[in-house]
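Notes for the one structure printed next.
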Amino acid sequence: MDDSGLPPNWEVRHSNSKNLPYYFNASDKVSRWEPPTGTDTEKLKKYMATHHSASTQIPAASRPEGKIRAAHLLVKHRDSRRPASWRESEITRSKDEAMTIIKGHEQKIKSGSVTLGELAMSESDCSSARKRGDLGYFGKGDMQKEFEEAAFALQPGQMSGIVETASGLHLIERLV
């Protein structure tokens, strides 16, 4: 196992079409979005934050009509609609455990010791973690109802409380 924390023959590659990292097994010619079984997730988090995180600069763009831009930090649990992520191939924590984790993240952000974007890069269960949680621009009907309602209720720069969707538990920050 190298400094990436991946099992033998696995490496991190970059998808040009999705502009995101993925995992590739060179000997079996298999690729996947989630880390393979046997990954040291703590090592992988550090490796990804160092080698595959987006720039801290968010490019300025004109705002599309009727759309907002938001970032989020997602904590999944075993009852999430897809209980796997780039951080863990199988998420086994309970919803209560996920709630404890996200409340801790919320307190760190509110205290000012870290931003949502900084924390998302290593702690979010969404692949948007590589982009500091940035989901880009989206309009009404593009996201799950609970997520959309919370995001559109925010002013730019504001962070939501904990929002529950079928995907898991979110903290949402409206960027634009």
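Couple of notes before you dig in:
- For first residues located in the stretch 24-35 and among the hydroxyl-bearing types (Ser, Thr, Tyr), partners that are at pLDDT 90 or above and lie 6+ apart or on another chain with Cβ distances below 8 Å form the pairs Ser27/Asn9; Ser31/Phe24; Ser31/Asn25.
- Helices (runs of 4 or more DSSP H) completely within the stretch 62-176 that count 2 or more residues being open to solvent by less than 60 Å² (accessible area, probe 1.4 Å) and β-branched (Val, Ile, Thr): 95-111
- Inspection of the stretch 91-103 identifies no residue that is touching a residue at least 40 places away in the same chain (Cβ under 8 Å) and touching a Phe, Trp or Tyr at 6+ places or on another chain (Cβ under 9 Å).
- Here Met48 meets each of (1) modelled with pLDDT under 85; (2) surrounded by fewer than 19 Cβ atoms within 10 Å (Cβ to Cβ); (3) at negative phi with one exception, condition (2).
- For Ser89, the requirement of being at pLDDT below 95 and within 16 Å of the chain's Cα centre (by Cα) is met.
- Just one of the numbered conditions (1) farther than 15 Å from Leu73 by Cβ; (2) in contact (Cβ under 8 Å) with a residue 24 or more places away in the chain; (3) touching a Lys or Arg at 6+ places or on another chain (Cβ under 7 Å) is not true of Gln155: (2).
The values are calculated or read from the model by the stated rules, or taken from the named source; none is laboratory data. Fair warning: this is a prediction, and the values are worked out from it, not measured in the lab. Using ideal geometry, Cβ is built from the backbone for each residue, glycine included, and neighbour counts are taken over all protein chains shown. Areas reflect the complete protein model, heavy atoms only, side chains present, ligands, DNA and RNA absent. Shrake-Rupley method; radii C 1.70, N 1.55, O 1.52, S 1.80 Å.
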